Amino acid sequence: MGFIADSLNRIQPSQTIAISMKAHELKAQGKNIVALSAGEPDFDTPDNIKEAAIAAIRRGETKYTAVDGIIELKRAIAAKFKRENGLDYKTSQITAGTGGKQVLFNALIATINPGDEVIVPRPYWVSYPDIVMLAGGIPVFVPTTLQNKFKLQPDVLEQAITAKTKWLIFNSPSNPSGAAYTETELKALTDVLVRHPHVWILTDDMYEHLVYDDFVFATPAQVEPRLYERTLTMNGVSKAYCMTGWRIGYGAGPETLVKAMQKLQSQSTSNPSSVSQWAAVEALNGPQDFIAANNKVFKERRDLVVSMLNQAKGLSCPTPEGAFYVYPSCEGAIGKTAATGQRITSDEDFASALLDAEGVAVVHGAAFGMEPHFRISYATSTGVLEDACQRIQRFCANLR
Ligand SMILES: Cc1ncc(COP(=O)(O)O)c(C=O)c1O
């Protein structure tokens with residue numbers, strides 16, 4: 001018997017983190033590397049949020065807090081759900097954790113029994129299947145296509161549901177594709193879910209605020225109130241508020257679920273950082289106008305990247321509605337050979353040869369369960385993006 005638990009052998013380290021680390025290492029060796037692999041905004045946390053944290057430290061808010069969040073934070077979260085999503089949650093229905101990731105982790109570990117199925121649309125955020133498998137559950141992958149812009153279709157969802165289905169994990173706007181569902185598109189999916197009352201919905205709304213071209217965000221419990229009793233609406237301050245390092249995420253749903261998640265957290269990490277919680281209170285209650293200003297920049301970058309990638313030989317890239325990612329297909333490059341002599345048989349080969357030949361770090365699509373694609377994060381300066389896209393164009397032009 002090995003020393004390491006069997007459950008850990010079911011999972012892999014996060015591939016997106018691994019690629020970002022490789023890019024850092026190459027940079028440290030003095031190589032000219034452009035990393036488009038990290039999933040975080042390049043903007044700094046707004047000053048009013050930093051000041052709120054500093055004030056909290058000065059006031060001595062440096063002790064343990066309630067396990068899943070101070071009441072001030074839960075009130076700020078409840079107010080956010082009411083104001084932005086028209087959803088009513090009592091503070092007893094709200095839980096805050098160390099990043100959105102812990103909230104997802106708590107929800108899945110607290111509910112999955114061995115053999116339970118969890119529907120995960122492809123392409124997916126890297127952590128969903130691994131957390132499901134760690135819990136002993138079975139991720140049931142359902143396909144999307146580039147033609148319908150990576151959006152789950154109602155008939156495909158319906159076919160995937162079995163008596164063992166426990167959750168659907170829904171993510172809009174999506175990491176890695178940037179796809180976001182309109183209210184109409186979402187309603188078509190919630191209509192299916194209404195017919196299957198044993199299926200719960202875990203909606204990851206982390207990129208809610210990062211939508212462009214007047215796109216209107218919608219979330220399942222808002223679109224279909226009949227799903228309220230079996231939906232966990234998850235969100236956080238990491239992306240829109242440029243607070244990835246502060247580690248605050250939250251969720252709201254039925255009290256029985258929230259209590260179970262709280263119990264798990266009480267025996268693992270206890271409260272998220274007290275100082276970060278006060279910063280998140282300010283993020284949610286304070287001025288929101290910087291989000292629109294940041295989005296203007298993100299939209300320009302998205303348009304630049306989509307246009308330049310579509311000019312690269314063998315690539316095809318739809319325009320996503322949100323997040324700060326694009327997910328082009330590199331099908332036209334498969335079967336070719338790079339100038340470095342590397343043969344490209346998969347998107348992993350494509351990403352690896354691109355890094356070797358041109359020093360551009362992207363994440364291959366296999367990491368997100370849909371090939372042959374790769375993910376670019378455009379949360380970096382316009383100059384860097386232009387340089388990176390020129391390198392990608394040159395790389396593709398040199399493929400033989
Ligand atoms: C879709 C999605 N959900 C959840 C998270 C986790 O967010 P946090 O950094 O708050 O844990 C991320 C972060 O990359 C994400 O992309």
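The values are calculated or read from the model by the stated rules, or taken from the named source; none is laboratory data. These figures come from a predicted structure and were not determined experimentally. Neighbour counts run over all protein chains shown; Cβ positions are idealised from the backbone, glycine included. These accessible areas exclude ligands, DNA and RNA; they are computed on the full protein's heavy atoms, side chains included. Shrake-Rupley method; radii C 1.70, N 1.55, O 1.52, S 1.80 Å.
Of the residues Ile77, Ile49, Ile57, which is open to solvent by 70 Å² or more (accessible area, probe 1.4 Å), of a type outside the set (D, E, K, R) and part of a helix (DSSP H, G or I)? Selected residue: Ile57, the only one of Ile77, Ile49, Ile57 that is open to solvent by 70 Å² or more (accessible area, probe 1.4 Å), of a type outside the set (D, E, K, R) and part of a helix (DSSP H, G or I). With respect to the numbered conditions (1) open to solvent by 10 Å² or more (accessible area, probe 1.4 Å); (2) closer than 24 Å to Ser329 by Cα; (3) at pLDDT 95 or above, which one is the sole condition not fulfilled by Ile138? Failing condition for Ile138: (2). Candidates in region 160-188 are the residues that are more than 11 Å from the ligand (Cβ to nearest atom) and among the aromatic types (Phe, Trp, Tyr); of these, the one that is surrounded by the most Cβ atoms within 10 Å (Cβ to Cβ) is Tyr181. Residues in region 15-37: is at least one open to solvent by 100 Å² or more (accessible area, probe 1.4 Å), over 25 Å from the mean Cα position of the chain (by Cα) and under 13 Å from Val275 (Cα atoms)? The answer is no, given that none of the residues of region 15-37 is open to solvent by 100 Å² or more (accessible area, probe 1.4 Å), over 25 Å from the mean Cα position of the chain (by Cα) and under 13 Å from Val275 (Cα atoms). One residue alone among Asp191, Asp155 is open to solvent by 40 Å² or more (accessible area, probe 1.4 Å), modelled with pLDDT of 95 or more, acidic (Asp, Glu) and touching a helix residue (DSSP H, G or I) at 6+ places or on another chain (Cβ under 8 Å), and that residue is Asp191.
Residues of region 232-245 include at least one that is surrounded by fewer than 19 Cβ atoms within 10 Å (Cβ to Cβ), within 13 Å of the ligand (Cβ to nearest atom) and not in a strand (DSSP E or B).
Scanning region 80-110 for residues that are away from the ligand (no atom under 16 Å from the Cβ) and in a loop (DSSP other than H, G, I, E, B) yields a total of 5.
Looking only at region 108-121, decide whether some residue is among the hydroxyl-bearing types (Ser, Thr, Tyr) and without any contact (Cβ under 8 Å) to a residue 60 or more places away in the chain. So far as region 108-121 goes, no, none of its residues is among the hydroxyl-bearing types (Ser, Thr, Tyr) and without any contact (Cβ under 8 Å) to a residue 60 or more places away in the chain. Across region 191-216, the number of residues qualifying as away from the ligand (no atom under 16 Å from the Cβ), more than 18 Å from Phe141 (Cα to Cα) and of a type in the set (Val, Ile, Thr) comes to 2. Evaluate region 154-173: report whether one residue or more is aromatic (Phe, Trp, Tyr), outside any loop (DSSP other than H, G, I, E, B) and touching an Asp or Glu at 6+ places or on another chain (Cβ under 9 Å). Yes; the residues of region 154-173 include at least one that is aromatic (Phe, Trp, Tyr), outside any loop (DSSP other than H, G, I, E, B) and touching an Asp or Glu at 6+ places or on another chain (Cβ under 9 Å). Taking the condition within 18 Å of Ile169 (Cα to Cα), modelled with pLDDT of 95 or more and part of a helix (DSSP H, G or I), does Met261 pass? Here the answer is yes, as Met261 does meet what is asked. Within region 14-30, the set of residues being in contact with a helix residue (DSSP H, G or I) (Cβ under 9 Å, 6 or more places away or on another chain) and not in a helix (DSSP H, G or I) comprises just one member, Ser14.
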